[in-house]
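This report concerns only the one structure given below.
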Amino acid sequence: MKKIVSLLLALVMFAGVFAFTNTASAEEPVTLKIWFHGSNVSPEASKKVLDELNVYLNEKIGAKLDVIWGTWGDFDTAVVTALAGGDNVDMYFTCNWSADEYNKYARDGYWVKLDDLLPQYGADLLATIPEGIWECAKTNGYDGMGIYAVPALKDTATQNCWDVNGTLLAELGYDVDAICAKGLDYYSPEFEEMLQKAKDLKASQGVNDFYPLCVEPMVLERLVNVTSIVTGDLGSGNVLSYYYDKEHPAKDIGSKIVNKFSTPEFEKYAARTYELAQKGFISPSIQNVATSNDYRTACQNSGEYLISTQSYAYGCEIDFSKARGIDVRMVPASAPYMDSTSGQGAMMAISTVSKNPEKALQFLNLLNTDPYVMTTLNYGLEGFTFNKNADGTITWIEENRATYSPWRNGMGNVRILPPTADEGVNYWKDFAEYYNSAEALPYGSFIFDSSEVETEGAAIANVFAEYAFGLCSGATDPAAVLAEFLQKLEAAGINEFVAAANEQLAKYAG
Amino acid sequence: MKNKRSRQGDASLAPNWFQRNKKVLALLTMVSPTAIWLLLLRYLPIGGIVLAFKSYKIFPRDPTFWNNLIHSKWVGLKNFEFIFKTDQALVAIRNTILYNIVFIILGAIIPVAFAIMMNEFTKKFVAKAYQTMMFFPYFLSWVVVSYFLNAFIDAQYGVLPAAQAAAGKDVISWYTTTKPWPLIIIFANLWKNVGYSTVLYLAAITGIDASQYEAAAIDGASKWQQIRYVTLPHLRTMISILLILNVGKIFAADFGLFYNVPMQSGALFPVTQVIDTYIYRVFITTGNISQSSAAGLLQNVIGFVCIMLANAVVKRIDPESTLF
Amino acid sequence: MRKNHRLNQISVGTETIFHVIVGLFSICCIIPFIFVIVISFTAESSIREIGYSFIPRAWSTGTYTYAIQRLPQIWRSYFNSILITVIGTALSTLMCALYSYALFRPDFKYRGFFTFFSFFTMIFGGGLVPTYVICTQVLGLRENYAALIVPLLVSPFNIIIMRTFFKSSVPLELIEAATIDGSGEYSTFFMVVLPIAKPGLATIALLNALAYWNDWYLSLLYIKQNKVLQPLQALLMELQNNVEYLNRMSAALGSSAIQEAMRAPTQTLRMVLVVLIVIPIACAYPFFQRYIVSGLTIGSVKG
C-alpha cells in the first residue's frame, strides 16, 4: 500500500513538471512554425533559403518562419498525432483528402476561424482569391459557418478525361484528331472495336497479355456515369453520387444525392465493365486492389495501353507525352467543374494552438500575394536553385533544385510564380484561364457532415471494401453480387446515411 | 520513486533496520530503472483510456491535450457500438477467434518440436544454419510477403495458374476463391513466427545443465527418454508462459497478415476479415480516435480476462509455471 | 568411428527425418528472401512483361542507383541505426535482466507487485497520443537520439521471458551459496547468475537489437526537423511511402509530381529497401547466435 502511495506522489510530481513546461514556452519571440507536405528538401538547402527569406519576413511582418518539411511518407500518422497532442505548430497543410481532413478538423476545433481576421490581416489575400473559391472553403466548424483555412489558388477544377494513346490509335488506322474531337462512348460498339483491334495488333506482334483498357476503376465509374464526389463522404471511398450535366455542369438537373450503387446507371456500368473484362480488355492486375496502381502506372509509363483514365490537371498531356515517349491525348468526358472537392484540394490552416494567429495570417497573406515570398519558399533562391531568363521565365539549376523541391501545389497561390522555361511565358495566364472557365456545380460548395451517422458510416465502409472495387473494375459479375451488395449496404444503414446527406443538402439550399 | 528512497534513507540511520533490509534495498535498486520507465512512459499516459468513453474535441481556448481530454463530452459506450453493429463485425470476431485458436495450438507444438529436433542434430553447424534461415521471415514485412505469394498465384503472371492452364485444367482465380485461404493464412503465420519462438525454446534447452543428460545416460535412459524426462520438463515453464501470453491475444490479430497477404481482396473477406482489419477500415473512414481507442480497450479487456483465466487454470495444474 | 559417435544419439534414420522436416521448413523461410534479392536486381520492364519472377528477362542495378541517389543521407543513417541499436540493446538488455532477476527471486518481498506492475502495461496503455504528449512535452523526447532509444527500452514481454529463463536455468541454491560466501547482491548477479543465463540474455539482446534496428515509427513521430538523426529503416520507409503516394496521387498533385513519379522504380524499390536494411543485421546475427546455440548438443557429444 505504501508503495502505491509513493507512486501516486511521484505521479503528482510529474504532473507538476508537466504543467510547468507547458506554460514556459509562451515567452518566445514570434516564430511561425509551418508544416508542409510532399517536400524533398535537405536541411542545408532549407537553412540557406529560410535565412534569406526570414530577413525579408522580419522587415515586412516582424516574424520568422520555421518549417517542418513533411514528406508524403510521414503525413498521415505524424500530423494527426501532432495535432491531437497539441504540438506547438502554427500552420498546417490541410485539405479534404488528407488524414487531417479540413471539414472534420474544423468541426472538432483544430483550426482558427478566419472570417473576422481576414479583413484586417489578409485584405490582399481576400481580394486575390476569387469569391467562388472562398465559397468552397466555407464549412460548418466549431465556431459556426465560416472559413477555417486559406484555399490554395491552384488547379481548382475537376475534369475527368480519357487518356488515349494516340500513337497506338494511329497505328490501328484511326484518325486520332477526329476521334478525340468526337469523344468516346463507353457503351458504343466502336469503343469495343477499338480495344479489340489494339489487342489483335499486339497479339500479331507476339504480345499475348496486352490489356488495352488500363483504368483506375473508381475514376472510370465517375467518368462514365458523370457523377461528382460529395465532399464529406466516407474517407475510404465514395458511396454517394451527385449527377451533373455533362456539357454545362452548372445547370440544375434536379439531382439529389444518391447511393451510387443502387442506380440503374451503376448497374449498366458494372455490367458493361464486367463484359469488357471477360473479353480480356482489362488486366487481372488492375482488378487486384493491391497491384492496381503499380500496374496501371507501369503500363502508362511504358505506353503499353490504348485507353486509360485521368483526372485532368492543366497541361498534364504535355508532361505525359514527354515522359512516356508517345502522343498522349486527353479526351474530355465532361466539362471541367468546380465544387468543394476541388476547391478544398490544398489549404493552409492556422492551428488553434498558435499563440500568434494574426501574424500567421499576415504570413499567409504574403505567401499568396507577394511573388517574392511565394517564389522563394516554393522555388528557392535566384542563383541557387534557379536563374532568371530575359523573358521572365526561369531555368532550374538542377543539382541544387534536387535538394530543394517542395510540393509546388501545397502552399498557396501558384499563379504568382514565374513560369519555367519549359512551361513558357504564357503558362500561368493559360492556366488561370482554363481553371477560371470551370462552372460551379449547383450546390457545389455543399459539405456533408457525416458525424451524426458515424456508426452507419463505419459499417458501410467495411461492406464497401468487400464489394465496390470488384464491381467497379469488372472483376465480379453484377448479376451475381450486386443485389447481395445492396442488401448488405442497407443492413449497414446506407439509407439513413443518404437521407442525412439529403436533409443537409435541402437545408443548405435553403 | 524519489520519495520512497529518501524515506528509506532516513530509516537507515538505524543500522539494524538497514542491515536487515539490505537485500530488499539492493533488489529495489535493481528494479528501479525499469520501474521508473514504466511509471513515466506507461502509467503517466494511462489516463488516455478515458478517450474510449469520450468524443474527442479540441478545447480551442486553451488547446493542450489534457484540456481537450477534460473538456470533451462523455458519450458512454457509444464509441463501442460500431464493433457489434453488423454481420460484418460478427464475421470478423468469429474469424479472429478461430484463427487464434489454431495459432495458439500449432504455435505451441511446432516450435518445441523443432527446438528438440535441432538439439539432436549431430552436426552443430547444420542446426545453426537452419536456425539462421528460420529467422529471415522476421525481416520481411507482410507487404513484401504478399508480393512473393502473388508471384505464384497472380492471375496474369502467376506460376500456378500458368501451370494449370498448361495442363488444361480449370484455372483457379486465387484472389476470389475462399477455400485455400485459411490454409494459406495459417501457414503464413507459422512461417513468420516459428523461427522466433524456436529461438526462445532453443535458448531454454541450451540453459539445461549438461550433467543432467549425462546422469540420465548413465542410468541407461534412451535418447527419447532423455527428451521426455529431462528436456520437456525444463521447457514446461516456457511453454506455459508463452501459451498464457498467446491466449491473451485471442481477440487481436496480426493486421499486416490479414490485410496485405490476401491483397485486400473483397471476395475473401468471409475468411480474411478480422477485428483489426475491420477497425482499420472504420478508422480510415471516420478518423475518429475515440472509436479506435474504444476498440483497442475492448481488445485489451478481453485479453486481460483471458490471461487471468489461463493463468488460473495453469496454477491448478502446475503452480511453478504461472505468470504470477 | 561413426558408431562410437552415436552412442548417446537418436538413430540415423530418425535424424534424417528430422533433417527433412526442419530443413524443408528452413528452405521455405529463406526462399522469399532470395526472391527479394532477385527482384531487387530485376529491370522494371521485365516485371511489366512477365511479373515478379525468379528468372527475370532483364537485370538491372538501376533501382539501387536510384535509392542511393535519392538518399544522400544513407550512410549517416546507417551510422545512426548502428549507434541506436548498440546503445539501445545494451541498456534495454541490462534493465530487463536486472528487473526480471528481482522478479525471479522468491525471497524478494515486492515481487508480486512489480510483476503485476510490468505485466499490466503489456495489456493496458494510454494509447498513442497521450504517450506522445508525455514523451515530447514532459520528457523532452523530440528531435534527439534519446527519442529513438528511450521509448523502446522496456518490453514487458521480454521481462516475462527473461524471468522464465532465470527460472529454468539458475538454481536457487547457487544464489544462496554465493550469499553465504559473503557475495553482495550485485556481485552475485553479475558474477554468478549472468554467466549461467547467457543463452537467455543473448536471446533477449537479439530481440532488442531487432526491435531497434527495425524501428521506424519512433522516428516518424519524434524526428520531424532534425532529420540527420533518422535511422536507416525510417529513411527507407519514408522513401517507399513517398514513391507509393506519388504513384497513387500524381495527377492530383500536379505536374512536378507527375515527373517525379515517372522516375521512381516503384515495383522494385520495395525489394531494394529490404535488402539494404537486412544485410547489416544479418551479419550481426551470428554474434548473438553463438550464445544461443553454443550449448546445443554438448550433452550428447560428451556421451
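The values are calculated or read from the model by the stated rules, or taken from the named source; none is laboratory data. None of these values were measured; they are calculated from a predicted model. Cβ atoms come from the backbone with ideal geometry, glycine included; neighbour counts cover every protein chain shown. Please note that ligands, DNA and RNA were not included when accessible areas were found on the heavy atoms of the full protein model with its side chains. Shrake-Rupley method; radii C 1.70, N 1.55, O 1.52, S 1.80 Å.
Data overview
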quantity	calculated
Residue list for the range A:78-131, filter: within 16 Å of B:Pro60 (Cα to Cα) and among the small types (Gly, Ala, Ser)	A:Ala82, A:Ala84, A:Gly85, A:Gly86, A:Ala106, A:Gly109
Qualifying residue in the range A:279-293 (condition: of a type outside the set (Phe, Trp, Tyr), over 14 Å from C:Ala261 (Cβ atoms), crowded, with 23+ Cβ neighbours inside 10 Å and away from chain B (no Cβ under 14 Å))	no
Any pair with Cβ under 6 angstrom, 6 or more apart, that starts in the range A:476-492 at a residue that is in contact (Cβ under 8 Å) with a residue 12 or more places away in the chain and ends at one that is not in a helix (DSSP H, G or I)	A:Ala492/B:Thr86
Filtered residue count, the range A:440-464, keeping only those that are in a loop (DSSP other than H, G, I, E, B) and at pLDDT below 90	4
Residue check for C:Ala97: assigned to a helix (DSSP H, G or I), under 30 Å from B:Leu38 (Cβ atoms) and of a type in the set (Gly, Ala, Ser)	yes
Hits in the range A:55-101 (condition: farther than 23 Å from A:Gly343 by Cα and in a loop (DSSP other than H, G, I, E, B))	A:Gly62, A:Ala63, A:Gly73, A:Asp74, A:Gly85, A:Gly86, A:Asp87, A:Asn88, A:Val89
When residues of the range B:189-207 are limited to those that are in contact with a Leu (Cβ under 9 Å, 6 or more places away or on another chain) and open to solvent by 10 Å² or more (accessible area, probe 1.4 Å), the one nearest to the other protein chains (Cβ to nearest Cβ)	B:Thr206
B:Tyr157 vs. criteria in contact with a Phe, Trp or Tyr (Cβ under 8 Å, 6 or more places away or on another chain), open to solvent by 40 Å² or more (accessible area, probe 1.4 Å) and touching a residue at least 24 places away in the same chain (Cβ under 8 Å)	no
Candidates B:Lys78, B:Lys73, B:Lys57, B:Lys85 - the one that is open to solvent by 50 Å² or more (accessible area, probe 1.4 Å), within 14 Å of chain C (Cβ to nearest Cβ), more than 30 Å from B:Leu190 (Cα to Cα) and basic (Lys, Arg)	B:Lys57
The range C:164-173, residues that are within 15 Å of C:Asp107 (Cβ to Cβ) and either among the small types (Gly, Ala, Ser) or within 11 Å of chain B (Cβ to nearest Cβ) (or both)	C:Phe166, C:Lys167, C:Val170, C:Pro171
Out of A:Gly470, A:Gly424, A:Gly412, sole residue that is away from chain B (no Cβ under 11 Å) and either more than 30 Å from A:Lys322 (Cα to Cα) or more than 22 Å from the chain's Cα centre (by Cα) (or both)	A:Gly424
Whichever residue in the range C:203-218 is more than 9 Å from chain A (Cβ to nearest Cβ) and within 23 Å of A:Val89 (Cβ to Cβ) and, among such residues, is modelled with the highest pLDDT	C:Leu218
Complete set of residues in the range C:113-123 that are open to solvent by 50 Å² or more (accessible area, probe 1.4 Å) and at the interface with chain B (Cβ under 7 Å from one of its Cβ atoms)	C:Phe116
Failed condition for C:Ile74, given (1) of a type outside the set (D, E, K, R); (2) closer than 30 Å to C:Leu194 by Cα; (3) under 25 Å from the mean Cα position of the chain (by Cα); (4) open to solvent by less than 20 Å² (accessible area, probe 1.4 Å)	(2)
Strands (runs of 3 or more DSSP E) completely within the range A:306-413 that count 2 or more residues being under 30 Å from A:Asp185 (Cβ atoms) and open to solvent by 30 Å² or more (accessible area, probe 1.4 Å)	A:328-332
Residues of the range C:91-111 satisfying the condition of being free of Cβ contacts under 8 Å to residues at least 24 places away in the same chain and either surrounded by 22 or more Cβ atoms within 10 Å (Cβ to Cβ) or not aromatic (Phe, Trp, Tyr) (or both)	C:Leu94, C:Ala102, C:Asp107, C:Lys109, C:Arg111
Sole exception among (1) touching a helix residue (DSSP H, G or I) at 6+ places or on another chain (Cβ under 6 Å); (2) closer than 30 Å to C:Pro280 by Cα for C:Ile123, by number	(2)
Residue identified as closer than 23 Å to B:Leu69 by Cα, crowded, with 22+ Cβ neighbours inside 10 Å and touching a Ser or Thr at 6+ places or on another chain (Cβ under 7 Å) among C:Val154, C:Val129	C:Val129
Verdict on A:Tyr443 being closer than 30 Å to A:Val112 by Cα and of a type in the set (Phe, Trp, Tyr)	yes
Residue, most open to solvent (accessible area, probe 1.4 Å), within the range A:173-189, restricted to residues that are closer than 23 Å to A:Glu275 by Cβ and within 33 Å of the chain's Cα centre (by Cα)	A:Lys182
Residues that are more than 12 Å from chain A (Cβ to nearest Cβ), touching a helix residue (DSSP H, G or I) at 6+ places or on another chain (Cβ under 6 Å) and open to solvent by less than 50 Å² (accessible area, probe 1.4 Å), drawn from the range B:240-270	B:Ser240, B:Ile241, B:Ile244, B:Val247, B:Gly248, B:Ile250, B:Phe251, B:Ala252, B:Ala253, B:Gly256, B:Leu257, B:Phe258
Residue tally, condition within 27 Å of the chain's Cα centre (by Cα) and crowded, with 17+ Cβ neighbours inside 10 Å, over the range C:39-69	7
Odd one out for B:Asn67 among (1) surrounded by fewer than 19 Cβ atoms within 10 Å (Cβ to Cβ); (2) more than 14 Å from chain C (Cβ to nearest Cβ)	(2)
Output for the range B:108-145, where each listed residue is among the small types (Gly, Ala, Ser), assigned to a helix (DSSP H, G or I) and surrounded by fewer than 21 Cβ atoms within 10 Å (Cβ to Cβ)	B:Ala108, B:Ala113, B:Ala129
Selection within the range A:56-75 - facing another protein chain (nearest Cβ under 9 Å) and either open to solvent by 10 Å² or more (accessible area, probe 1.4 Å) or not small (Gly, Ala, Ser) (or both)	A:Asp66, A:Val67, A:Ile68, A:Trp69, A:Thr71, A:Trp72, A:Gly73, A:Asp74, A:Phe75
